[in-house]
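Below: the structure, in structure tokens.
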Amino acid sequence: MASNGKLPSIRTVVPGPKSIEIFDQEQRHIAPGRQRISLLAGVAFDHGEGASLTDADGNTYIDFFAGVAVASLGHAHPRMASALAKQAARLTVGTFATRERAEAFKLLSDAAPGKLKRSHLYSGGAEAVEAALRLARSYTKKHEVVAFWGGFHGKTMGVLGLVGDESKQGYGPLPGGRYQVPYADCYRCPFKLEHPSCGLACVDFARQQIKNSSAGEVAAILVEPMQGTAGNVIPPDDWLPAIASLAKDLGALLIADEMITGFGRTGKMWGVEHSGVAPDAITIGKGMGSGFPVSGVLLSEEIGKAEPFGKPSASSSSYGGNPLAAVAVSETLKTIRDEHLVENSRKVGAVILSRLRRLQEKYEFIGDVRGKGLLIGIELVRDLKTKELLGKKVTEHIFKEALKRGLVTMSYFPRIRINPPLVITEAQAEAGVAILDEVFAEVRDHVDWRAA
Ligand SMILES: Cc1ncc(COP(=O)(O)O)c(C=O)c1O
């Protein structure tokens with residue numbers, strides 16, 4: 001394994017003097033609206049190695065964040081670094097066929113599930129989701145899209161209306177023909193039911209909701225097999241097949257957005273494998289380039305031919321599949337295979353999950369712990385019965401206390417997301433959970449967490 005498994009080592013106050021200097025320098029010119037985690041941390045990172053990050057003052061942290069599930073191979077993987085450096089010295093501009101691009105498409109085709117043996121490459125996640133929606137329109141000749149409460153698919157105008165929370169407020173009017181139905185977020189079931197005795201009431205509701213509100217022109221159902229942004233939410237395995245059958249009944253494509261769940265994150269290569277669903281298209285990104293900005297759409301031979309999507313130049317972009325991106329995709333796929341990272345995700349994910357379940361017994365404010373592979377969610381609540389979420393003041397405190405002890409994790413929100421690089425070692429995982437344990441104990445003993 002590439003990672004030497006560095007453990008936390010904190011030498012200065014956090015953030016240290018060099019971090020503060022760099023952070024302040026950046027703040028003088030950067031526009032507002034950048035990632036909350038970076039603003040809260042105030043730390044400037046210098047380099048990374050495997051599942052560890054080292055800041056400008058020489059403090060080393062365990063990374064439970066991975067750039068929001070981007071750094072699948074961890075930081076500075078030697079194979080990736082050398083392949084990108086070699087390619088940068090030869091050719092960096094795309095458009096034409098290259099040996100590297102041919103290899104990337106071949107490896108994607110080999111890894112893709114079912115009939116999705118062809119692909120398009122892009123450079124950002126939202127761009128890939130937009131492409132998949134154009135594909136659905138081209139193939140079905142319809143235009144409406146159904147998405148889910150809590151879903152996230154990017155911030156461009158074509159997908160903003162499909163984001164299932166209030167973050168789109170203030171950007172209207174949004175494109176029409178977008179419908180939201182409840183996700184199988186069973187811990188917070190809007191119908192106050194329990195799985196499996198609920199009989200998947202949320203799917204019955206979705207069916208009726210679409211019937212009552214759409215113009216009968218649904219081109220696609222867009223779904224995350226497990227929701228990342230909402231808090232690493234894991235639906236029961238029989239839910240996605242029911243959604244697939246709803247898509248079929250509507251004559252709509254089922255598009256699985258595997259930006260987060262793809263490439264081994266959930267302990268299988270694809271999130272859809274957990275439920276055995278065969279989607280009509282899959283959108284991919286994040287972990288597929290392990291940090292290099294590359295995204296794409298996996299599709300079948302038949303659907304990919306649909307026009308206008310399949311016409312020459314209709315679905316290309318300036319950077320999609322450029323030689324550097326192609327090398328990043330190939331190196332990621334080959335390393336996942338050679339270093340058995342899907343298995344590592346499954347194995348280390350199970351260790352983290354079982355340790356967190358022990359913490360759940362210890363701390364009254366842990367309402368739920370769930371996960372598949374290295375996609376793990378924790379729910380922090382004021383009250384186990386009402387499930388009211390813990391306040392921002394407490395969760396930001398948890399984030400900062402964890403950082404001070406050498407753990408970077410998305411705990412500034414009460415639906416904590418844990419998604420480390422797939423190369424994380426068991427020792428690093430244990431060290432990360434031990435820090436969370438320490439911080440939770442500090443909160444229990446010294447913070448008025450119910451009130452704050
Ligand atoms: C499931 C999912 N789809 C799409 C996106 C958008 O990706 P990008 O930020 O690269 O546009 C994200 C980003 O978090 C995501 O989680």
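Readers should treat all values here as calculations from the given coordinates under stated rules, not as data from a laboratory. Note that the structure is a prediction, hence the values are computed from the model and not measured. Please note: Cβ atoms are built from the backbone with ideal geometry, for glycine as well, and neighbour counts cover all protein chains shown.
With 10 angstrom as the radius, rank D437, D445 by how many other C-beta atoms surround their C-beta, starting from the fewest. Present the calculation step by step, with values, prior to reporting the outcome.
Details: D437 16, D445 7.
So the ranking, lowest neighbour count to highest, is D445, D437.
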* When only Cα pairs under 8 Å and 6 or more residues apart are kept, what is the percent relative contact order across the chain? -> 22
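As a test, work out the antiparallel percent of DSSP beta bridges whose residues both lie in the chain, rounded to the nearest 5. Walk me through the intermediate numbers first.
Details: 31 of 48 bridges.
Looking only at bridges with both residues in the chain, the antiparallel portion is about 65 percent.
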* For K115, go through the lysines and keep the ones whose alpha-carbon is under 28 Å away, minus same-chain ones fewer than eight residues off. => K106, K141, K142, K248, K268, K286, K305, K311, K334, K372
* **Residue order, fewest to most surrounding Cβ atoms within 10 angstrom, among M288, M259, M269** => M269, M288, M259
* Inter-centroid distance (Cα atoms) of region 152-186 relative to region 297-353, Å -> 25
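Which loop trypsin sites (Lys or Arg not before Pro) in region 114-208, with loop taken from DSSP, have no more than 11 other Cβ atoms within 10 angstrom of their Cβ? Mind showing how you got there, number by number?
Details: sites: K115, K117, R118, R134, R137, K141, K142, K155, K168, R178, R188, K192, R207; in loops: K115, K117, K141, K142, K155, K192.
Filter output for region 114-208: K141, K192.
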* Please provide three numbers in whole Å: the alpha-carbon extents of region 79-337 along the principal axes, with the largest listed first. => 57, 37, 36
* To do: Normalising by the residue count of region 132-189, find the relative contact order in percent from Cα pairs under 8 Å and 6+ residues apart.
  => 35
* Asked: Can you list the lysines whose alpha carbon sits under 21 Å from that of K192, skipping same-chain ones fewer than 8 residues off?
  -> K385, K387
* Asked: Which cross-chain or sequence-distant (5 or more) residues have an amide H under 5 Å from the amide H of V181, H modelled 1.01 Å from N in plane?
  -> A147, F148, W149
* **L407 long-range amide H proximity, modeled H, under 5 Å** => I62
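Determine the gain in length on full extension of the stretch S38-E361; use 0.36 nm per residue of separation and subtract their C-alpha separation, reporting nm with one decimal.
Values: separation 323, 0.36 × 323 = 116.28 nm, distance 3.11 nm.
So the extension gain works out to 113.2 nm.
Nearest 5 is fine: what % of DSSP beta bridges in region 79-337 come out antiparallel, could you say?
Working: 10 of 25 bridges.
The answer is about 40 percent antiparallel.
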* For labels at A278 and S109 in the simple 7 Å Cα→Cβ model, what's the distance in nm? -> 1.8
* HN-Hα J couplings of region 36-45 from phi, Karplus 6.51/-1.76/1.60, θ = phi - 60°, integer Hz, Gly and Pro as x? -> 4, 4, 6, 5, 5, 6, x, 9, 9, 8
* How large is the convex hull of the Cα atoms of region 277-341 per residue, expressed in Å³ as a whole number? -> 108
* Cα gyration tensor shape of the chain, rounded if a/c is under 1.5, else prolate or oblate by comparing a/b with b/c -> oblate
* **Cα-projected label distance for V13 with K393, points at 7 Å along beta-carbon direction, nm** => 2.2
* Starting from region 1-105, pick out the trypsin sites (Lys or Arg not before Pro) whose DSSP state is loop and whose Cβ has at most 15 other Cβ atoms within 10 Å. => R11, R28, R34, R90
* At q = 0.09, 0.19, 0.20 Å⁻¹, what is the base-10 log of I(q)/I(0) for region 82-233 according to the Debye formula with one equal point scatterer per Cα and no solvent? Please give it to two decimals. => -0.41, -1.24, -1.31
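In units of 2.2 N^0.38 Å, what is the alpha-carbon radius of gyration of region 1-117? Don't skip to the answer; put the middle values down first.
Details: Rg = 18.5 Å, N = 117, 2.2 N^0.38 = 13.4 Å.
Normalised Rg, Cα atoms only: 1.38.
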* To do: Along Cα→Cβ, 7 Å out, is where each label goes; now give me the distance between the ones at E21 and K192 in nm to one decimal.
  => 5.9
* Structure fact -> Checked against the positive end of the charge dipole of region 1-144 (+1 on Cβ of Lys and Arg, -1 on Cβ of Asp and Glu, about the Cα centre), the farthest of A41, T54, A76 is A76
* **Percentage relative contact order, region 79-337, counting C-alpha pairs under 8 Å, at least six apart** => 31
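Can you give the calculated 222 nm mean residue ellipticity of the chain, where each DSSP H run of n ≥ 4 adds -39,500 (n - 2.57) and the sum is split over every residue, rounded to the nearest 500 deg cm²/dmol? Could the numbers behind the result be given before it?
Values: 14 runs with 167 residues, N = 452.
Only helices count here, giving -11500 deg cm²/dmol.
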* Roughly what % antiparallel, to the nearest 5, for the DSSP beta bridges in region 176-327? -> 40
* A76 label point, 7 Å along Cα→Cβ, cut-off 15 Å on backbone N: hits in region 43-60? -> 45-60
* Asked: Where a ≥ b ≥ c are the square roots of the eigenvalues of the C-alpha gyration tensor, would you call region 204-360 rounded, which needs a/c under 1.5, or, failing that, prolate if a/b is larger than b/c, or oblate?
  -> oblate
* Using the Karplus equation 6.51 cos²θ - 1.76 cosθ + 1.60 (θ = phi - 60°), what ³J(HN,Hα) coupling, rounded to whole Hz, does each residue of region 224-231 give in order, writing x for Gly and Pro? -> 7, x, 9, 7, x, 4, 5, x
* **Amide proton proximity set for D257, modelled H, under 5 Å, gap of 5+** => V223, E224, T283
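Can you put I398, I62, I435, I22 in order, fewest other beta carbons within 10 Å first? Don't skip to the end; give the middle numbers.
Numbers: I398 26, I62 31, I435 22, I22 19.
Ascending number of Cβ neighbours within 10 Å: I22, I435, I398, I62.
Starting from the Cα coordinates of region 224-280, work out the convex hull volume and express it per residue in Å³. Walk me through the numbers before you get to the answer.
Numbers: hull volume 4.3 nm³, N = 57.
So the per-residue Cα hull volume is 75 Å³.
Treating the beta-carbon of each Lys and Arg as +1 and of each Asp and Glu as -1, no other charges, what is the dipole magnitude of the chain about its Cα centre, to the nearest 20 debye? Intermediate values should be presented prior to the final figure.
Details: 54 positive and 50 negative charges, 128 e Å.
With only Lys, Arg, Asp and Glu charged at Cβ, the dipole is about 620 debye.
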* Structure fact -> Karplus ³J(HN,Hα) for region 401-416 (6.51 cos²θ - 1.76 cosθ + 1.60, θ = phi - 60°; Hz, whole; x = Gly/Pro) runs 5, 5, 4, 4, 9, x, 9, 9, 8, 7, 9, 7, 10, x, 9, 5
